[in-house]
Amino acid sequence: MSESDAVRFTLLGQVGAERDSRPLPVGTPQQRALLVALLLRPGQVVGLDDIVTAVWGPAPPSGAGGMVRTYVSRLRRALGTVDIANTAGGYAIAVPPDRIDLIVYRDLLTRARSLWRSGRSADALPLFRTARALWRGVPLAGVPGPYAAAQRTMLRNLRFAGDLDGLAAELELPAHDPRPALAQLQTLVARYPMLERPRELLMLSLARAGRPAEALAAFADGRDLLADRLGVDPGPGLVRARRKIEARAAGAGPVPAQLPRDLMDFSGRGPLLHALCDALRGGATGLYGPADLGKSAIAVHAGHRLRAAYPDGQLYADLAIADADAVLVQFLRAQGLAANDIPDDRGERIRLWRHCLDGRRQLVVLDNARGAEQVRPLLFRAAGSATIVTGRRRLNVPAVHWLTVPPLSAEEGVALLDRIVGDGRIRAEPEAAWHLAVAAGGNPRRLRMIAARLASRPSWTVAAVNAASIRSRHRCGSL
């Protein structure tokens with residue numbers, strides 16, 4: 001058989017067959033499911049019972065065996081030169097491995113990984129890229145049933161692991177531009193925040209791009225997520241990446257990453273965030289307003305957004321539970337000083353603190369300040385560094401530009417509800433959602449409580465929650 005007569009099969013996308021670049025009619029979705037069952041085990045006998053399960057699942061129709069024989073007959077006519085043998089108890093398809101895209105992909109991946117693990121990343125990278133180019137969308141597309149769904153999940157996991165190994169090979173090439181890999185890894189970490197391997201590679205790519213502070217901040221975010229959601233510590237891969245980055249940055253001193261984790265559903269506050277970022281160019285900015293308006297969340301969110309502008313690290317202290325002296329010690333330790341290197345005298349500590357910050361670009365967040373006496377010892381004027389202060393009132397502290405934190409607008413409140421509840425439920429009832437946001441008075445905490453109730457009760461409508469809220473206010477008003 002000449003090369004032009006060869007039939008080639010695609011599984012890494014829409015299931016199909018072609019000869020000389022022309023598609024062949026492989027039939028109905030059920031007929032394609034049968035073809036998939038055979039192509040996933042080329043040259044092997046696939047039992048009739050296994051084929052029936054692959055095509056129809058655990059509850060096949062009566063006469064399924066006869067229907068399989070009909071599908072096989074049709075495939076033989078459509079594929080022509082391809083042999084589908086009828087053996088005792090099943091069928092086998094005879095196809096050379098290099099004519100099934102999945103088998104070609106696996107072979108390329110095996111060869112690429114072998115080269116990469118032997119230290120030949122430059123030779124491995126073209127094979128990784130060739131393998132990746134074989135994918136044409138969702139694998140086994142157009143094939144129904146639980147068998148295809150299970151195989152589809154397996155193939156997606158295969159591709160995910162292969163893509164990560166390809167990115168790792170890219171990062172090992174000293175002259176390679178890390179920015180394309182960095183963009184892909186940022187997307188993967190945002191999509192799969194609990195997976196450690198993408199985060200490990202993201203850290204290494206950030207370090208390669210000259211952004212070690214962000215790399216260590218990515219580690220801190222991952223560590224906090226694993227602790228909060230799973231109650232576990234980072235795995236050895238993440239720890240090795242952190243140590244490698246810290247060792248590279250050792251000559252420049254530690255890079256603290258003390259900011260609390262950013263709210264995953266932070267929403268709105270665009271004008272205030274813009275004003276805050278502008279004001280920070282002057283050195284120190286304060287956020288003040290009543291309780292529960294989200295001052296701390298805004299400061300932390302801004303800190304995460306501004307990591308690149310402060311590559312030498314971010315420091316954080318909650319002044320609701322710590323005094324200035326304790327915070328000074330905390331901040332000095334974060335600069336790499338041992339406990340016995342920190343003087344007992346407060347004035348000496350302040351001078352040492354300002355000396356440590358000289359020439360460094362760090363962001364300091366002083367949260368929940370109760371009085372000016374807490375803030376004054378911790379402020380500094382160092383080129384390239386900045387401070388954010390939050391509190392319920394405007395403090396009498398020189399050189400701090402103060403911004404009022406207002407309640408959320410109705411539009412921002414609706415956006416916050418939509419972000420937390422999801423599934424389009426808020427957008428489906430815009431008027432009721434608007435009234436609910438207005439009734440909450442722009443208070444993010446109240447809105448989050450409402451959104452949490454809605455999210456946990458999929459059968460509730462926004463209008464029903466709004467009506468219940470109105471009744472509750474009327475009852476309270478009549479007391």
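Taking the range 142-180 as the range and being among the acidic types (Asp, Glu), part of a helix (DSSP H, G or I) and over 19 Å from the mean Cα position of the chain (by Cα) as the test, only Glu170 passes. The number of residues in the range 86-107 that are among the hydroxyl-bearing types (Ser, Thr, Tyr) and assigned to a strand (DSSP E or B) comes to 2. When the range 3-36 is limited to residues that are in contact (Cβ under 8 Å) with a residue 60 or more places away in the chain and surrounded by fewer than 16 Cβ atoms within 10 Å (Cβ to Cβ), the one that is farthest from Arg77 (Cα to Cα) turns out to be Pro29.
Against the numbered list (1) among the small types (Gly, Ala, Ser); (2) under 34 Å from the mean Cα position of the chain (by Cα); (3) on the phi > 0 side of the Ramachandran plot, Ala399 comes up short only at (2). With respect to the conditions (1) in contact (Cβ under 8 Å) with a residue 24 or more places away in the chain; (2) over 30 Å from Val52 (Cα atoms), Gln151 falls short on a single one, namely (2).
Of the candidates Gln314, Gln335, Gln362, Gln330, the single residue that is within 35 Å of the chain's Cα centre (by Cα), assigned by TED's automatic domain parsing to the domain that holds Pro290 and without any contact (Cβ under 8 Å) to a residue 24 or more places away in the chain is Gln330. When the range 116-141 is filtered for residues that are assigned to a helix (DSSP H, G or I) and either in contact (Cβ under 8 Å) with a residue 24 or more places away in the chain or crowded, with 20+ Cβ neighbours inside 10 Å (or both), the ones remaining, listed by number, are Trp116, Ser121, Ala122, Ala124, Leu125, Leu127, Phe128, Arg129, Ala131, Arg132.
Matching residues to (1) more than 26 Å from Cys356 (Cβ to Cβ); (2) modelled with pLDDT of 90 or more; (3) not assigned by TED's automatic domain parsing to the domain that holds Leu332:
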site: Pro193; (1), (2), (3): yes, yes, yes
site: Asp221; (1), (2), (3): no, no, yes
site: Val239; (1), (2), (3): yes, no, yes
site: Lys244; (1), (2), (3): no, no, yes
site: Val300; (1), (2), (3): no, yes, no
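Assigned to a helix (DSSP H, G or I) and either in contact with a His (Cβ under 9 Å, 6 or more places away or on another chain) or more than 21 Å from Asp233 (Cβ to Cβ) (or both): is that true of Leu185 in this structure? Spelling it out, Leu185 is indeed assigned to a helix (DSSP H, G or I) and either in contact with a His (Cβ under 9 Å, 6 or more places away or on another chain) or more than 21 Å from Asp233 (Cβ to Cβ) (or both).
Does any residue of the range 294-309 turn out to be assigned to a loop (DSSP other than H, G, I, E, B), in contact with a Pro (Cβ under 6 Å, 6 or more places away or on another chain) and within 27 Å of Ala410 (Cβ to Cβ)? There is at least one residue in the range 294-309 that is assigned to a loop (DSSP other than H, G, I, E, B), in contact with a Pro (Cβ under 6 Å, 6 or more places away or on another chain) and within 27 Å of Ala410 (Cβ to Cβ).
Among the residues of the range 115-158, how many are over 22 Å from Pro178 (Cβ atoms) and in contact with a helix residue (DSSP H, G or I) (Cβ under 8 Å, 6 or more places away or on another chain)? Result for the range 115-158: 14. When the criteria are applied in full, Ala386 meets the requirement of being surrounded by 22 or more Cβ atoms within 10 Å (Cβ to Cβ) and either on the phi < 0 side of the Ramachandran plot or free of Cβ contacts under 8 Å to residues at least 60 places away in the same chain (or both). For Val52, the test of being closer than 18 Å to Ala33 by Cα, buried (at least 17 other Cβ atoms within 10 Å of the Cβ) and free of Cβ contacts under 8 Å to residues at least 24 places away in the same chain is passed. Within the option set Glu200, Glu196, being over 18 Å from Ala308 (Cα atoms) and buried (at least 23 other Cβ atoms within 10 Å of the Cβ) holds for one residue only, Glu200. Quick one: is Ala190 closer than 17 Å to Arg305 by Cα and surrounded by fewer than 20 Cβ atoms within 10 Å (Cβ to Cβ)? Yes; evaluated as a whole, the condition is true for this residue.
Quick one: is Leu216 touching a Lys or Arg at 6+ places or on another chain (Cβ under 9 Å) and either part of a loop (DSSP other than H, G, I, E, B) or more than 27 Å from Arg361 (Cα to Cα) (or both)? No: the conditions fail for Leu216. Any chance you could count how many residues in the range 445-479 are assigned to a loop (DSSP other than H, G, I, E, B) and at pLDDT 65 or above? Going through the range 445-479 one residue at a time, the tally reaches 5. Of the residues in the range 188-197, none is touching a residue at least 12 places away in the same chain (Cβ under 8 Å) and touching a His at 6+ places or on another chain (Cβ under 8 Å).
The values are calculated or read from the model by the stated rules, or taken from the named source; none is laboratory data. Remember, predicted model here, so these are calculated numbers, not experimental data. Because the Cβ atoms are built from the backbone with ideal geometry, glycine has one as well, and the counts that use them run over all protein chains shown.
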